[in-house]
1. Please compare each pair in Lys166/Lys226; Lys124/Lys276; Lys136/Lys166; Lys124/Lys166; Lys183/Lys268 to a cut-off of 27 Å on the Cα-Cα distance and tell me which ones are over it.
2. Give me Arg188, Arg152, Arg257 ranked fewest to most by other Cβ atoms within 10 Å of their Cβ, as a rough exposure proxy.
3. Which of Ile115, Ile122, Ile105, Ile85 has the fewest other C-beta atoms within 10 Å, and how do the rest follow up to the most?
4. Kindly put Val229, Val127 in sequence by how many other C-beta atoms sit within 10 Å of each C-beta, fewest to most.
5. Where a Cα-Cα gap under 15 Å defines reach, which aspartates and glutamates qualify for Lys300, not counting those fewer than 8 residues away within the same chain?
6. Would segment 137-225 count as rounded, prolate or oblate if I go by the C-alpha gyration tensor, calling it rounded below 1.5 in a/c and otherwise prolate when a/b exceeds b/c, oblate otherwise?
7. Using the scaling law 2.2 N^0.38 Å as the reference, what is the normalised Cα Rg of segment 100-189?
8. Under 5 Å between amide hydrogens, which residues at least 5 positions from Thr53 or on another chain qualify, with H placed 1.01 Å from N in the peptide plane?
Amino acid sequence: MTRGRGLGVALPLAAAMLVTACGGLGADQNGTVCPAPSLTPIATPSASATPVTYGFLVDRAYTGDAKRSPSYPWPQLPRTALDTIAGALAQVDLHPGDSVFGAWISHNSNDVREIFLPLGQIPKSAVSELPTAPEKPKAALNQLECNDYASRVRAYNTAAQDWQSKVNDIQQRAAATDAAAVKSFIDRAQAAIRAASPAQDPVGTDIFGGLAVAGGVFGINPGRHKLVVFSDMTDTVGNPVRPDLGQSDVVVGLYHRDDPSDQSTGQKDWEATFRKLNARTPVFLPWAATTADKIAEQLKASGR
């Protein structure tokens, strides 16, 4: 009888000693038993940005007659448009994978000879294989596992810091390579744009032919599409083609006209026309506001 009573007392006492031992090893000053150690967070690389194709159409069929603008003698307007494009390219936040092209609007806009900036794409850097990320330790299931879990967390944190350092180094090298590729592309594009020489075309203005060129390029290049048109938006050829501009963003830099009432002629009609061509509602800029800064601002406003 005494022996059984002694055993009944000994078992709870042994259990209490075991809990105290575990609590003593893993408890904090507030008495919380085995608090979970914090895991070092790791940042995995984000996915590549959606590519953007930028198209620029410049009206070289603008005649500059008295009705339009004697204040801007030929070839001041198309020449200024080219300089504006060159300046905007350095401000639109180009990324590897983005593409750019430029073409004249003339009486025969869909002639390949009207391309002053052939479609070019910024090359992407080679994808480096990342080291395998460390596996997070499984949380302790009971108090007896707390010290082993703490040890595994410490090992994981060390491995996570080493992994993050290696990944950051790889990303920094890739970013430097991408930045060099973007700068080289912009330099080449700007040189080609500034070397372009607009020849006056008094035959007519085929705006829809120019839009068809843009639509064709956009159709074979996935991603976002952004189009900038420099013109007085007076179509005289009447090309029956109606291209699909596939939800592209459109900015129109309206060539200057001395008559303020003539300046806005047809703008509402063109807004409706662009919507019929499946483009987004266009932004029209008066010539005084058609600067490199303003064009870049409008192109970036719609995001990537």
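1. Numbers: Lys166/Lys226 37 Å; Lys124/Lys276 35 Å; Lys136/Lys166 18 Å; Lys124/Lys166 21 Å; Lys183/Lys268 38 Å.
Where the Cα-Cα span goes over 27 Å, the pairs concerned are Lys166/Lys226; Lys124/Lys276; Lys183/Lys268.
2. On the way: Arg188 12, Arg152 17, Arg257 20.
Result, fewest neighbours first: Arg188, Arg152, Arg257.
3. On the way: Ile115 15, Ile122 20, Ile105 29, Ile85 26.
Least to most surrounded, the residues fall as Ile115, Ile122, Ile85, Ile105.
4. Values: Val229 25, Val127 10.
If I rank by nearby Cβ atoms, fewest first, I get Val127, Val229.
5. Straight-line reach from Lys300, under 15 Å: Asp93, Asp98, Asp249.
6. Details: a/c = 10.12, a/b = 3.07, b/c = 3.30.
It comes out oblate by the Cα gyration axes.
7. Details: Rg = 25.8 Å, N = 90, 2.2 N^0.38 = 12.2 Å.
Scaled against compact globular proteins, the figure is 2.12.
8. Here Ser99, Arg224, His225, Lys226 satisfy the definition.
Any read-out appearing in this document is the output of simple, stated calculations on the displayed coordinates, not a laboratory observation. Everything numeric here is computed off the predicted structure, so don't read it as measured data. Don't worry about glycine lacking a Cβ; one is built from the backbone with ideal geometry, like all the others, and counts go over all protein chains shown.
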